[in-house]
Amino acid sequence: MASAANPQHQSNLLTRLPREILDQIYLEIWRICGLCQHILLHGNGPAGKDNHFRRWQCCTEYRVDDTLQADVEKLRARLDVPLGTDIQGAQPPEIGLYCRRLMSPWRDHWPCGERATQEHGIEAISGYSTSDRCWKTWRDNRPDDMHVPSWSPYLPMLLTCKLVSAHCLKSIYESITLIFIDLKSIQAWFGHRQLRAEWKIVFGEHVAPPAFHKYARSFELSLDPDLGGSFICGNIIRTFPRPNIPMTVTIFIGYIYRASRVSAQ
Ligand SMILES: [Zn+2]
Ligand SMILES: [Zn+2]
């Protein structure tokens with residue numbers, strides 16, 4: 001049976017400081033790695049074997065307007081291409097650049113995909129979805145090219161002691177906005193309805209940390225307009241757990257031509 005957390009009476013840090021100050025300290029620790037983190041499910045083997053979650057620090061500031069679409073429209077005006085006509089050709093070079101960004105599986109988080117590409121190669125943005133193959137295996141399997149960056153504050157803090165670990169679990173999920181940009185990751189994290197046998201190998205063993213459902217206050221979803229056709233198990237909304245704390249949900253629905261953006265709170 002699990003033992004109770006040691007109250008750590010000898011620790012001035014834990015006994016003298018009010019919890020509000022401790023929470024501020026924890027927040028600054030998480031801020032080192034960014035307060036917005038992508039969660040992706042990807043793997044190497046056939047039929048989802050070796051699927052695993054990985055986090056990736058978000059570097060895209062949330063904006064209501066679409067700066068990429070604005071850049072495309074500026075280019076359209078500069079080249080004098082009428083609305084409704086494709087912008088084609090290899091020149092100027094922005095055409096290739098914007099095309100790649102518009103087709104990024106990272107959707108409106110294309111800057112995060114480009115940063116992943118700088119560190120892990122083109123595989124980080126190849127494919128239709130971010131929940132494809134693990135980037136690590138596509139490179140050169142360097143020992144330092146692991147799923148988890150060489151250092152992050154999460155594990156050291158969670159392994160400190162049971163008391164600090166409990167503080168940190170609450171603080172992490174209350175402070176950090178998790179971002180999901182593909183349905184496979186969303187369903188693996190949030191849960192799903194009864195699956196056909198062939199899908200169980202893909203999703204069967206992945207569950208969100210219980211502390212997420214207990215403490216999380218916000219998350220962001222970035223989805224295709226045709227997301228309904230991608231559900232593996234019916235309507236995911238009906239399978240959402242009912243958290244005690246109301247969550248803030250930001251939903252981006254976009255595609256190559258950035259159809260629309262919807263924010264719901
Ligand atoms: Zn991002
Ligand atoms: Zn991986």
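The table below gives the values:
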{"quantity": "Within the stretch 1-31, tally of residues that are surrounded by 10 or more Cβ atoms within 10 Å (Cβ to Cβ), among the aliphatic types (A, V, I, L, M) and in a loop (DSSP other than H, G, I, E, B)", "calculated": "2"}
{"quantity": "Filtered residue count, the stretch 91-115, keeping only those that are aromatic (F, W, Y) and assigned to a loop (DSSP other than H, G, I, E, B)", "calculated": "1"}
{"quantity": "Scope the stretch 107-121; condition among the small types (G, A, S) and under 15 Å from L40 (Cα atoms); matching residues", "calculated": "G113, A116"}
{"quantity": "Output for the stretch 121-135, where each listed residue is within 16 Å of ligand 2 (Cβ to nearest atom) and in a loop (DSSP other than H, G, I, E, B)", "calculated": "G121, I125, S126, G127, S129, T130, S131, D132, C134"}
{"quantity": "Residue in the stretch 184-191 that is in a loop (DSSP other than H, G, I, E, B), at pLDDT 70 or above, on the phi > 0 side of the Ramachandran plot and not aliphatic (A, V, I, L, M) present", "calculated": "yes"}
{"quantity": "Criterion violated by D50 - all others in (1) on the phi < 0 side of the Ramachandran plot; (2) more than 16 Å from ligand 1 (Cβ to nearest atom); (3) touching a residue at least 24 places away in the same chain (Cβ under 8 Å) satisfied", "calculated": "(1)"}
{"quantity": "Conditions (1) under 27 Å from S129 (Cα atoms); (2) in contact (Cβ under 8 Å) with a residue 12 or more places away in the chain; number of the one not met by D23", "calculated": "(1)"}
{"quantity": "Single match in Q69, Q118, Q88 (criterion: outside any helix (DSSP H, G or I), of a type outside the set (K, R), more than 13 Å from ligand 1 (Cβ to nearest atom) and surrounded by fewer than 19 Cβ atoms within 10 Å (Cβ to Cβ))", "calculated": "Q88"}
{"quantity": "Residue match in the stretch 54-65 (condition: surrounded by 13 or more Cβ atoms within 10 Å (Cβ to Cβ), more than 16 Å from ligand 1 (Cβ to nearest atom) and either in contact (Cβ under 8 Å) with a residue 60 or more places away in the chain or assigned to a helix (DSSP H, G or I) (or both))", "calculated": "no"}
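Here's the yes/no breakdown for (1) within 19 Å of the chain's Cα centre (by Cα); (2) farther than 30 Å from K162 by Cβ; (3) away from ligand 2 (no atom under 16 Å from the Cβ):
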| site | (1), (2), (3) |
| --- | --- |
| R16 | no, no, yes |
| R19 | no, no, yes |
| W30 | yes, no, yes |
| R54 | yes, no, no |
| Y62 | yes, yes, yes |
| D65 | no, yes, yes |
| L79 | no, yes, yes |
| Q91 | no, yes, yes |
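The values are calculated or read from the model by the stated rules, or taken from the named source; none is laboratory data. This structure is a prediction, so every number in the text was calculated from the model and none was measured. Virtual Cβ from ideal backbone geometry, glycine too; neighbours counted across all protein chains shown.
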